[in-house]
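Below is one structure, written out as structure tokens; the observations come after it.
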Amino acid sequence: MKNPNPDAGRRHFLTSAALAAAVAPFAQKVLASATTVPTPSLPHTLTSGVEPFWGKHQGGIATPIQRFTYFIAFDVVTTKRDDLIKLFRAWTDVTAKMTSGPAHFDPSADPNQPNEESGATVGLPASRLTITFGFGPTLFVKNGEDRFGLAKQRPEALVDMPHFAGEQLVPERTGGDLSIQACADDPQVVEYAVRRLARLASGIAVMRWAQMGFTGGFKHGETPRNQMGFKDGTINIPTQDPKAMNKFVWVGEEGPSWMRNGSYMVIRPTRIALDHWDQMKLSFQEETVGRYKASGAPIGKKHEFDLLDLKATDKDGNTLIAETSHAALAAPENNDGVQILRRAFSYDNGIAQITERWPPWRQVVTFDAGLLFQCYQRDPRTGFIEIFLKMAQIDMQNQFTTHIGSGLFACPPGASPGGFVGQDLFV
């Protein structure tokens, strides 16, 4: 749709000591009463700081979302299949160590050699670190070449992503043969984890693109808000529900066998015109999203988790929730019941010069910030792709968002002690 100019958009946009002495008695009462408030129970991993590495599924998928992430994609430069096996063995072993607890210096380390442990995270807890590995389509066939004899192992679901309306993909932030995503509750932990793993890839794979992200420090079980100020992820697959996870997230007998109990990850850095969005009327923002900003409730309802009523109308017969709102277009009932597991982070890379997406299309310096969109599904063809093909065309939110990068990766199942991630692909 053609965007109106910015002006029209706003109308139509589709004495300290005394004070301390006075408050001291009240503060003492508050502090005294605060000690009696019960502390809510949290999952063990949220208090221990350690997420399990070995297991049926890779960590970082069904794991309660952490505060920070570092995603990185690699291009493979070796021509030897054995080098890939060597790399994934090394990555698996080091990841198992990093996720198992705090880092320590080795007192017996040779001072004449580089330290295996740099010390960047010594003194820090594991911070619920998870590492998730993935294989991109180009690992199997690249420029028509089957470099590692893996072409026949490429899953049918690992497709080349179609073109979506409005996207402005930057090649340097798109694709990749391999992917690593580190997530933790400490930014230095994720940064060092990726750096250590990248060092192990020397001579085998080179870094292609990367993006760091973050989430707000919301309470456990509370739906987080995104940079646009709305609750993000109200309708999501409950990760503690095995039936739902098996139906929508984990790969089953459709295979191939090396992918069973794995999942397909779509990741797309999406720049948001936040300064422009913040100038919009609240009513327009809520119409765009399809939910009330304060409560997160669907338009026409009172509570966040009330069901969407996409047929409810006002006195004039207009639907309360706009058909082209983000909530309506993403709703399972508008997508043949399809659901995806969203696991998104925000990002902020500072500022950049961009071209506005509305008249007069000025070149402006603004925030290079937005959403590091990420989701997992059993099959992207019937998951993200099916949902987003329609959203990319008519979602009202598109006036403020631009997808600038993209990746689809097959994330294999977890590994057992003695094995390595992706082992069944190579043997």
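The values are calculated or read from the model by the stated rules, or taken from the named source; none is laboratory data. Quick caveat: nothing in here was measured; it's all calculated off a predicted structure. Glycine also receives a Cβ, built like all others from the backbone with ideal geometry; neighbour counts cover every protein chain displayed. Please note that ligands, DNA and RNA were not included when accessible areas were found on the heavy atoms of the full protein model with its side chains. Shrake-Rupley method; radii C 1.70, N 1.55, O 1.52, S 1.80 Å.
The table below lists the values:
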item: Members of region 404-427 that are part of a strand (DSSP E or B) and surrounded by fewer than 21 Cβ atoms within 10 Å (Cβ to Cβ); result: Ser406
item: Selection from region 129-153 of residues that are under 24 Å from the mean Cα position of the chain (by Cα) and under 16 Å from Val421 (Cβ atoms); result: Leu129, Thr130, Ile131, Thr132, Phe133, Gly134, Phe135, Gly136, Leu139
item: Qualifying residue in region 306-329 (condition: within 24 Å of the chain's Cα centre (by Cα), open to solvent by 40 Å² or more (accessible area, probe 1.4 Å), closer than 20 Å to Cys375 by Cβ and of a type outside the set (Asp, Glu)); result: yes
item: From Gln393, Gln399, Gln377, residue being buried (at least 22 other Cβ atoms within 10 Å of the Cβ) and of a type in the set (S, T, N, Q); result: Gln377
item: Failed item, numbered, when Val76 is tested on (1) touching a strand residue (DSSP E or B) at 6+ places or on another chain (Cβ under 8 Å); (2) open to solvent by less than 40 Å² (accessible area, probe 1.4 Å); (3) more than 21 Å from Gly134 (Cβ to Cβ); (4) modelled with pLDDT of 90 or more; result: (3)
item: Subset of region 98-121 [within 27 Å of the chain's Cα centre (by Cα) and either buried (at least 16 other Cβ atoms within 10 Å of the Cβ) or more than 28 Å from Gly422 (Cβ to Cβ) (or both)]; result: Met98, Thr99, Ala103, Thr121
item: Number of positions in region 280-305 that are open to solvent by 70 Å² or more (accessible area, probe 1.4 Å), part of a loop (DSSP other than H, G, I, E, B) and not aromatic (Phe, Trp, Tyr); result: 4
item: Tabulated pairs, region 104-115, first among the charged types (D, E, K, R), second open to solvent by less than 100 Å² (accessible area, probe 1.4 Å), C-beta under 7 angstrom, 6+ apart or interchain; result: Asp106/Glu117
item: Any pair with Cβ under 6 angstrom, 6 or more apart, that starts in region 361-373 at a residue that is assigned to a strand (DSSP E or B) and among the basic types (Lys, Arg) and ends at one that is open to solvent by 100 Å² or more (accessible area, probe 1.4 Å) and at pLDDT 95 or above; result: none
item: Filter result (surrounded by fewer than 22 Cβ atoms within 10 Å (Cβ to Cβ) and in a strand (DSSP E or B)) within region 129-144; result: Lys142
item: Test: residue in region 187-209 that is part of a strand (DSSP E or B), open to solvent by 50 Å² or more (accessible area, probe 1.4 Å) and of a type outside the set (D, E, K, R); result: yes
